[in-house]
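In what follows, a single structure is set out as C-alpha coordinates and then discussed.
The values are calculated or read from the model by the stated rules, or taken from the named source; none is laboratory data. Everything numeric in this text was worked out from a predicted model, so none of it was measured. Counting neighbours? That spans all protein chains shown, and the Cβs are built from the backbone with ideal geometry, glycine included. Side chains included, ligands, DNA and RNA excluded: accessible areas come from the protein's heavy atoms. Shrake-Rupley method; radii C 1.70, N 1.55, O 1.52, S 1.80 Å.
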Amino acid sequence: MALRLGDTAPNFKIATTQGDIDFHEWSGDSWVFFFSHPADFTPVCTTEMGRTAQLAAEFAARNTKSLGLSTDSVEEHLKWIADVNDTQNTTLEFPIVADEDFKISELYDMIHPGESETAAVRSVFIIDPNKKIRLIMTYPMSCGRNFDEILRVIDALQLSDAKRIATPADWKKGDEVIIPPSISNEAAKDIFPQGWNELRPYLRLTKV
Ligand code: BEZ
(Lines give C-alpha, C1' and ligand atoms only; values in the text may rest on other atoms or scores of the structure.)
Protein backbone atom coordinates (compact mmCIF):
# COMPACT_ATOMS: atom_id res chain seq x y z
CA MET A 1 0.00 0.00 0.00
CA ALA A 2 1.20 3.49 -0.79
CA LEU A 3 2.74 5.54 1.99
CA ARG A 4 0.59 8.26 3.51
CA LEU A 5 1.12 11.35 5.63
CA GLY A 6 1.58 10.42 9.28
CA ASP A 7 3.01 6.98 8.45
CA THR A 8 6.38 6.05 9.89
CA ALA A 9 8.94 6.36 7.09
CA PRO A 10 10.00 2.76 6.41
CA ASN A 11 13.54 2.03 7.50
CA PHE A 12 16.11 0.61 5.09
CA LYS A 13 19.79 -0.25 4.86
CA ILE A 14 21.46 0.70 1.60
CA ALA A 15 24.71 1.69 -0.09
CA THR A 16 25.14 5.42 -0.70
CA THR A 17 27.87 7.69 -1.97
CA GLN A 18 28.90 8.12 1.66
CA GLY A 19 28.93 4.43 2.59
CA ASP A 20 26.22 2.09 3.82
CA ILE A 21 23.48 3.68 5.90
CA ASP A 22 20.66 2.55 8.14
CA PHE A 23 18.13 5.26 7.29
CA HIS A 24 16.65 5.74 10.78
CA GLU A 25 20.08 5.79 12.40
CA TRP A 26 21.46 8.16 9.78
CA SER A 27 18.55 10.61 10.12
CA GLY A 28 18.90 10.69 13.93
CA ASP A 29 17.20 13.75 15.41
CA SER A 30 17.04 15.61 12.11
CA TRP A 31 14.32 16.32 9.62
CA VAL A 32 14.96 14.69 6.25
CA PHE A 33 14.44 15.88 2.68
CA PHE A 34 14.40 12.53 0.82
CA PHE A 35 14.10 12.96 -2.94
CA SER A 36 14.33 10.64 -5.91
CA HIS A 37 15.59 11.14 -9.45
CA PRO A 38 15.03 9.32 -12.71
CA ALA A 39 18.71 8.78 -13.50
CA ASP A 40 22.29 9.99 -13.21
CA PHE A 41 23.75 12.12 -15.99
CA THR A 42 20.39 13.64 -16.96
CA PRO A 43 19.94 17.40 -17.28
CA VAL A 44 17.01 18.19 -14.96
CA CYS A 45 18.39 15.92 -12.21
CA THR A 46 21.78 17.58 -12.49
CA THR A 47 20.27 21.00 -11.77
CA GLU A 48 18.23 19.62 -8.85
CA MET A 49 21.24 17.93 -7.26
CA GLY A 50 23.21 21.13 -7.72
CA ARG A 51 20.46 23.25 -6.16
CA THR A 52 20.24 20.96 -3.14
CA ALA A 53 24.01 21.24 -2.68
CA GLN A 54 23.92 25.04 -3.06
CA LEU A 55 21.21 25.22 -0.39
CA ALA A 56 23.16 23.12 2.15
CA ALA A 57 23.30 25.99 4.66
CA GLU A 58 19.53 26.58 4.32
CA PHE A 59 18.77 22.92 4.98
CA ALA A 60 21.21 22.86 7.93
CA ALA A 61 19.54 25.97 9.40
CA ARG A 62 16.31 23.95 9.41
CA ASN A 63 17.97 20.90 11.03
CA THR A 64 17.25 19.02 7.80
CA LYS A 65 19.44 16.39 6.13
CA SER A 66 19.18 15.84 2.38
CA LEU A 67 19.17 12.34 0.93
CA GLY A 68 19.00 11.76 -2.83
CA LEU A 69 18.13 8.54 -4.63
CA SER A 70 18.33 7.13 -8.10
CA THR A 71 18.44 3.63 -9.44
CA ASP A 72 22.09 3.79 -10.54
CA SER A 73 25.22 2.47 -8.78
CA VAL A 74 27.46 4.24 -6.25
CA GLU A 75 30.21 4.28 -8.89
CA GLU A 76 27.93 6.06 -11.38
CA HIS A 77 26.70 8.47 -8.71
CA LEU A 78 30.26 9.43 -7.78
CA LYS A 79 31.16 10.14 -11.41
CA TRP A 80 27.97 12.17 -11.81
CA ILE A 81 28.62 14.20 -8.63
CA ALA A 82 31.84 15.45 -10.25
CA ASP A 83 29.71 16.73 -13.17
CA VAL A 84 27.15 18.27 -10.80
CA ASN A 85 29.88 20.12 -8.92
CA ASP A 86 31.47 21.28 -12.14
CA THR A 87 28.36 22.41 -14.01
CA GLN A 88 26.40 23.78 -11.05
CA ASN A 89 29.40 25.43 -9.40
CA THR A 90 28.91 23.73 -6.05
CA THR A 91 30.21 20.98 -3.76
CA LEU A 92 27.69 18.22 -3.22
CA GLU A 93 28.12 16.84 0.30
CA PHE A 94 24.94 14.88 1.03
CA PRO A 95 24.58 11.13 0.33
CA ILE A 96 22.86 9.68 -2.71
CA VAL A 97 21.28 6.24 -2.38
CA ALA A 98 22.26 3.66 -5.00
CA ASP A 99 18.96 1.84 -5.45
CA GLU A 100 20.11 -0.51 -8.19
CA ASP A 101 17.62 -3.26 -7.35
CA PHE A 102 14.67 -0.82 -6.89
CA LYS A 103 14.10 -1.98 -3.31
CA ILE A 104 13.83 1.50 -1.83
CA SER A 105 12.01 3.05 -4.80
CA GLU A 106 9.40 0.32 -4.55
CA LEU A 107 9.16 0.66 -0.77
CA TYR A 108 8.51 4.40 -1.19
CA ASP A 109 6.33 4.01 -4.33
CA MET A 110 8.74 6.04 -6.46
CA ILE A 111 8.34 3.89 -9.58
CA HIS A 112 5.34 5.00 -11.63
CA PRO A 113 5.19 2.64 -14.61
CA GLY A 114 3.17 5.15 -16.68
CA GLU A 115 6.30 7.35 -16.58
CA SER A 116 8.99 4.65 -16.53
CA GLU A 117 9.38 1.01 -15.53
CA THR A 118 13.05 1.44 -14.64
CA ALA A 119 13.50 4.94 -13.25
CA ALA A 120 12.12 6.71 -10.19
CA VAL A 121 9.91 9.74 -10.68
CA ARG A 122 10.70 12.98 -8.81
CA SER A 123 9.31 12.13 -5.39
CA VAL A 124 9.79 14.27 -2.29
CA PHE A 125 9.31 13.04 1.25
CA ILE A 126 9.73 15.42 4.17
CA ILE A 127 10.23 13.30 7.29
CA ASP A 128 10.32 14.67 10.83
CA PRO A 129 12.66 13.66 13.68
CA ASN A 130 10.01 11.17 14.92
CA LYS A 131 10.40 9.47 11.50
CA LYS A 132 6.85 10.47 10.50
CA ILE A 133 6.16 11.37 6.88
CA ARG A 134 4.94 14.97 6.92
CA LEU A 135 4.81 15.82 3.21
CA ILE A 136 4.72 13.86 -0.04
CA MET A 137 5.07 15.49 -3.46
CA THR A 138 5.47 13.77 -6.81
CA TYR A 139 6.73 15.58 -9.88
CA PRO A 140 6.95 14.21 -13.41
CA MET A 141 10.29 13.55 -15.04
CA SER A 142 10.07 16.62 -17.23
CA CYS A 143 9.63 19.19 -14.38
CA GLY A 144 12.38 20.21 -11.99
CA ARG A 145 11.24 20.83 -8.44
CA ASN A 146 10.85 24.26 -6.83
CA PHE A 147 13.34 24.48 -3.98
CA ASP A 148 11.84 27.68 -2.58
CA GLU A 149 8.70 25.62 -1.98
CA ILE A 150 10.64 22.79 -0.36
CA LEU A 151 12.27 25.17 2.14
CA ARG A 152 8.99 27.05 2.63
CA VAL A 153 7.06 23.93 3.51
CA ILE A 154 9.74 22.78 5.98
CA ASP A 155 9.44 26.22 7.63
CA ALA A 156 5.65 25.89 7.71
CA LEU A 157 5.74 22.39 9.22
CA GLN A 158 8.28 23.35 11.86
CA LEU A 159 6.36 26.50 12.80
CA SER A 160 3.06 24.66 12.96
CA ASP A 161 4.63 22.11 15.34
CA ALA A 162 6.24 24.77 17.53
CA LYS A 163 3.35 27.27 17.72
CA ARG A 164 0.20 25.20 17.17
CA ILE A 165 -0.78 27.21 14.10
CA ALA A 166 -1.63 26.54 10.46
CA THR A 167 -0.35 28.54 7.50
CA PRO A 168 -2.46 30.23 4.81
CA ALA A 169 -2.04 30.05 1.04
CA ASP A 170 1.36 31.24 -0.14
CA TRP A 171 2.52 31.78 3.45
CA LYS A 172 6.12 32.83 3.87
CA LYS A 173 8.24 33.24 7.02
CA GLY A 174 7.06 36.35 8.89
CA ASP A 175 3.54 36.39 7.39
CA GLU A 176 0.39 36.10 9.50
CA VAL A 177 -0.67 32.58 10.47
CA ILE A 178 -3.98 30.89 11.19
CA ILE A 179 -5.32 29.77 14.55
CA PRO A 180 -6.73 26.29 13.84
CA PRO A 181 -10.47 25.82 14.42
CA SER A 182 -9.65 23.09 16.97
CA ILE A 183 -8.47 25.83 19.38
CA SER A 184 -11.40 27.63 21.03
CA ASN A 185 -11.30 31.42 21.58
CA GLU A 186 -11.00 30.70 25.30
CA ALA A 187 -7.89 28.53 24.83
CA ALA A 188 -6.51 30.88 22.16
CA LYS A 189 -6.34 33.71 24.72
CA ASP A 190 -3.64 31.78 26.60
CA ILE A 191 -1.81 30.44 23.56
CA PHE A 192 -1.89 33.69 21.55
CA PRO A 193 -1.81 36.53 24.13
CA GLN A 194 -0.87 38.88 21.29
CA GLY A 195 -4.49 38.55 20.09
CA TRP A 196 -5.86 37.88 16.63
CA ASN A 197 -7.92 39.30 13.80
CA GLU A 198 -11.20 37.39 13.49
CA LEU A 199 -12.41 37.60 9.86
CA ARG A 200 -14.86 34.79 10.56
CA PRO A 201 -15.21 32.61 13.68
CA TYR A 202 -13.35 29.90 11.71
CA LEU A 203 -10.77 32.28 10.18
CA ARG A 204 -8.57 33.89 12.82
CA LEU A 205 -5.22 35.41 11.86
CA THR A 206 -2.36 36.18 14.20
CA LYS A 207 1.38 36.90 14.22
CA VAL A 208 3.83 34.57 15.95
C1 BEZ B 1 16.27 14.74 -16.54
O2 BEZ B 1 16.56 14.59 -15.36
O3 BEZ B 1 16.79 15.61 -17.19
C4 BEZ B 1 15.26 13.86 -17.20
C5 BEZ B 1 15.16 12.53 -16.81
C6 BEZ B 1 14.23 11.73 -17.43
C7 BEZ B 1 13.43 12.26 -18.43
C8 BEZ B 1 13.53 13.60 -18.79
C9 BEZ B 1 14.47 14.39 -18.17
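What the table shows:
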| quantity | calculated |
| --- | --- |
| Residues satisfying the stated conditions in the range 111-164, i.e. among the β-branched types (Val, Ile, Thr), within 16 Å of the ligand (Cβ to nearest atom), touching a residue at least 12 places away in the same chain (Cβ under 8 Å) and closer than 18 Å to residue 4 by Cα | 121, 124, 138 |
| Elements of type helices (runs of 4 or more DSSP H) contained in the range 1-106, each with 2 or more residues being modelled with pLDDT of 95 or more and touching a Gly at 6+ places or on another chain (Cβ under 9 Å) | 43-54, 74-88 |
| Selected residue (only one of 74, 44, 84, 32 is closer than 20 Å to residue 119 by Cα and touching a residue at least 60 places away in the same chain (Cβ under 8 Å)) | 44 |
| Residue among 199, 203 that alone is in contact (Cβ under 8 Å) with a residue 24 or more places away in the chain, aliphatic (A, V, I, L, M) and open to solvent by 50 Å² or more (accessible area, probe 1.4 Å) | 203 |
| Failed criterion for residue 80 (all others in (1) within 16 Å of the ligand (Cβ to nearest atom); (2) touching a Ser or Thr at 6+ places or on another chain (Cβ under 7 Å) hold) | (2) |
| So residue 193, is it farther than 28 Å from residue 39 by Cβ and either open to solvent by less than 50 Å² (accessible area, probe 1.4 Å) or outside any loop (DSSP other than H, G, I, E, B) (or both) | no |
| Checklist (1) surrounded by 21 or more Cβ atoms within 10 Å (Cβ to Cβ); (2) of a type in the set (Ser, Thr, Tyr); (3) without any contact (Cβ under 8 Å) to a residue 40 or more places away in the chain applied to residue 108, failing item | (3) |
| Candidates 152, 145 - the one that is under 17 Å from the mean Cα position of the chain (by Cα), assigned to a loop (DSSP other than H, G, I, E, B) and crowded, with 16+ Cβ neighbours inside 10 Å | 145 |
| Qualifying residues in the range 26-55 (those that are under 13 Å from the mean Cα position of the chain (by Cα) and among the β-branched types (Val, Ile, Thr)) - the one farthest from the ligand (Cβ to nearest atom) | 32 |
| Residues satisfying the stated conditions in the range 56-92, i.e. under 19 Å from the mean Cα position of the chain (by Cα), under 18 Å from residue 104 (Cβ atoms) and either surrounded by fewer than 16 Cβ atoms within 10 Å (Cβ to Cβ) or of a type in the set (D, E, K, R) (or both) | 65 |
| The one condition in (1) of a type in the set (Asp, Glu); (2) within 14 Å of residue 77 (Cβ to Cβ); (3) under 16 Å from the mean Cα position of the chain (by Cα) that residue 7 fails to fulfil | (2) |
